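**Student:** Below you will find the structure I want to go over with you.
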Amino acid sequence: MSEMLTTLEATPIPMVVRVANVVTGALEGAGVKLIDLDIARLKAKAEQEVGSADWLDQAFIDDLAALIDFSLKNPDASFISKTALKGEIMRRLTNYLKLQKAVKKYPDLTEQTVKQPIIIVGLPRTGTTLLQRLLSQDPASHGPALWELFNPVRIGSESADDDVKAAAGFVKTVQSTSLPLWSIHTMEANEADECAFILPQSIGDVPLHGGMAYFEWFMKRSALPDYRLHKQYLQAMHYRKTARRWVLKSPLHLAKLGDVLNVYPDAQILWCHRGLSHVIASWASYMALSKKIATKRSDKKQVARDWMRIWDESLQVSERARQAGYPEQFFDVQYDELVLDPMAMIRRIYAHFGMSLTVQAESKMKEWLVKDKQKTKPGHRYNLIQFDLTPNDLEKTFADYIRKYNVSVD
């Protein structure tokens, strides 16, 4: 019978999490403040760590303070989610100060060219990770690894060992807490990953921290400062190094694709598509499982409804941005075609953008595919029914998207 359960249903809340929830809940109920999210004190800690206090953009600080405020007002916030948020805020603060320190020391850093980056977008669970990691095998390209994204400003550092170990430690923590959760999106320290990690704000902060109130606030604000900072982190990563073509990706970019194209006007956009039943059910399962483990409460049906709205609005925004751009800078990737013959899809992409696929690049991509298939990955079982959704719901919500891109619902 257990084999019939979905991953969300079959995955229990880890014992360590349950114990932590009981203990911290009792302490917080008694008025004990366990997690300090005061932005002034977090700033001071970052200043001490970096040895700088060059907060050149007050809006950067104000927006982080807003995210914290949304989180503190979120009734589902737990000790675990607040701990995770504190770590995230500290990472963003320290990376910002490291960047300003580097720009001050190397004034030409922000003059570095970021030419025609490949940016992979599309709804989640559409093959964006596979495509990014495959394209990143080309020696002429650079898909930033997780360890680089966690600490993007390392100019002059001789060894990356400590950063790789830190990222590997993060991955190990996720795996030991919930292997099923990790297996849905297999993060690895040395593999290319979501460049949203170097954004100061994104809709990735919705599920565990800000909630839908944060989403509404985020959609009303300009993300241009976010992507300008994003670009500077890329410039820092390549400073005084051989320039390579960036291979970036995140479904989260859809929500602000117009701002992405404003900062990267010559970007080569790969837009991934897949049958919507798989996309929505798989993503809702991932988000509901994340909340089940990290927050006080997870209403799986509400999670699905919220993300239906988020992706609907994000698709509308991204479609307007696409219509305002140049048709030739977009290439649509169908998931079924990608997984059936990955190298055939790669050749089509290279041909579309006039890029040269060398023998060496093709060989490395094929080697990566063989190694990736050999990895043991727990399955992810999901369906629409558990979220009280039907194919008809998807057809109604995403009618324009389905019609334009001939996307199936099954």
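Read-outs: derived from the displayed coordinates by stated rules, not from any lab. Remember, it's a predicted structure, so these values are computed and weren't measured experimentally. No Cβ is skipped: glycine too gets one built from the backbone with ideal geometry, and neighbour counts run over all protein chains shown.
**Student:** From the Cα trace of the chain, what convex hull volume per residue do you get, rounded to a whole Å³?
**Tutor:** 147
**Student:** Still on this structure, I have one more. Tally Lys/Arg at +1 and Asp/Glu at -1 over every other residue whose Cβ is under 12 Å from the Cβ of W246; what's the total?
**Tutor:** Local charge sum for W246: +2.
**Student:** Give me V333, V263, V153 ranked fewest to most by other Cβ atoms within 10 Å of their Cβ, as a rough exposure proxy.
**Tutor:** Ascending Cβ contact count within 10 Å gives the list V263, V333, V153.
**Student:** If you average 1/r over every pair of different alpha-carbon atoms in the stretch 282-365 and take one over that average, what Kirkwood value in Å do you get?
**Tutor:** Taking the inverse mean of 1/r over all distinct Cα pairs, the stretch 282-365 comes out at 16.3 Å.
**Student:** Three principal axis extents, largest first, for the C-alpha atoms of the stretch 33-156, in Å?
**Tutor:** Computed over the Cα atoms, the extents are 49, 40, 22 Å.
**Student:** Here's another thing I want to ask about it. Net charge near G127, counting Lys/Arg +1 and Asp/Glu -1 over other residues with Cβ under 11 Å of its Cβ?
**Tutor:** Neighbourhood net charge equals +2.
**Student:** I've got another one for you. Would you work out the charge dipole size for the stretch 2-405 about its Cα centre, treating the Cβ of every Lys and Arg as +1 and the Cβ of every Asp and Glu as -1, and quote it to the nearest 20 debye?
**Tutor:** That gives the stretch 2-405 a dipole magnitude of about 340 debye.
**Student:** Given an 8 Å cut-off on Cα distances and at least 6 residues of separation, report the relative contact order of the stretch 16-164 as a percent.
**Tutor:** 22 percent.
**Student:** Also, I was wondering about something else. At most 16 other C-beta atoms within 10 Å and a DSSP loop state: those are the exposed trypsin sites (Lys or Arg not before Pro) I care about. Give me the longest piece of the chain that has none.
**Tutor:** The longest uninterrupted stretch comes out as 116-220.
**Student:** Give me the base-10 log of I(q)/I(0) for the stretch 159-227 at each q in 0.15, 0.16, 0.24 Å⁻¹, Debye formula, one uniform scatterer per Cα, rounded to two decimals.
**Tutor:** Scattering profile of the stretch 159-227, log10 relative to I(0): -0.67, -0.74, -1.08.
**Student:** Are there any GluC sites (Glu not before Pro) in the stretch 158-193 that are in a DSSP loop and have at most 16 other Cβ atoms within 10 Å? List them by number.
**Tutor:** Those that pass, being in a loop and sparsely packed, are E158, E188.
**Student:** Considering only Q112, Q137, Q58, give the residue with the highest GNM mean-square fluctuation for the chain, with springs between Cα atoms whenever their separation is below 10 Å.
**Tutor:** Taking springs between Cα atoms under 10 Å, the residue moving most is Q58.
**Student:** Quick one: divide the alpha-carbon radius of gyration of the stretch 182-305 by 2.2 N^0.38 Å and tell me what you get.
**Tutor:** 1.17
**Student:** At A20 and K220, where each label point lies 7 Å from the Cα along Cα→Cβ, what is the point-to-point distance in nanometres?
**Tutor:** Spacing of the two 7 Å Cα→Cβ label points: 3.3 nm.
**Student:** Right, here's the next one. For the chain, with a Gaussian network of springs between Cα atoms less than 10 Å apart, report the residue from I293, I385, I203 with the top mean-square fluctuation.
**Tutor:** I385
**Student:** Then there is this: Among the listed pairs K101/K220; K98/K220; K33/K73; K231/K256; K231/K371, which are separated by more than 26 Å between their Cα atoms?
**Tutor:** K101/K220; K98/K220; K231/K371
**Student:** Still on this structure, please answer the following. In whole Å, what is the distance between the alpha-carbon centres of the stretch 280-296 and the stretch 107-175?
**Tutor:** Spelled out, the Cα-based centre of one part sits 25 Å from the other.
**Student:** Then there's this: Near L37, within a Cβ-to-Cβ distance under 10 Å, what is the net charge of the other residues, with Lys and Arg +1 and Asp and Glu -1?
**Tutor:** +1
**Student:** Moving to a separate point now. Given the chain, what percent of its DSSP beta bridges are antiparallel, to the nearest 5?
**Tutor:** 5
**Student:** Given only helices, namely DSSP H runs of n ≥ 4 each adding -39500 (n - 2.57), what is the per-residue ellipticity at 222 nm of the chain, to the nearest 500 deg cm²/dmol?
**Tutor:** It comes out at -17500 deg cm²/dmol, rounded to the nearest 500.
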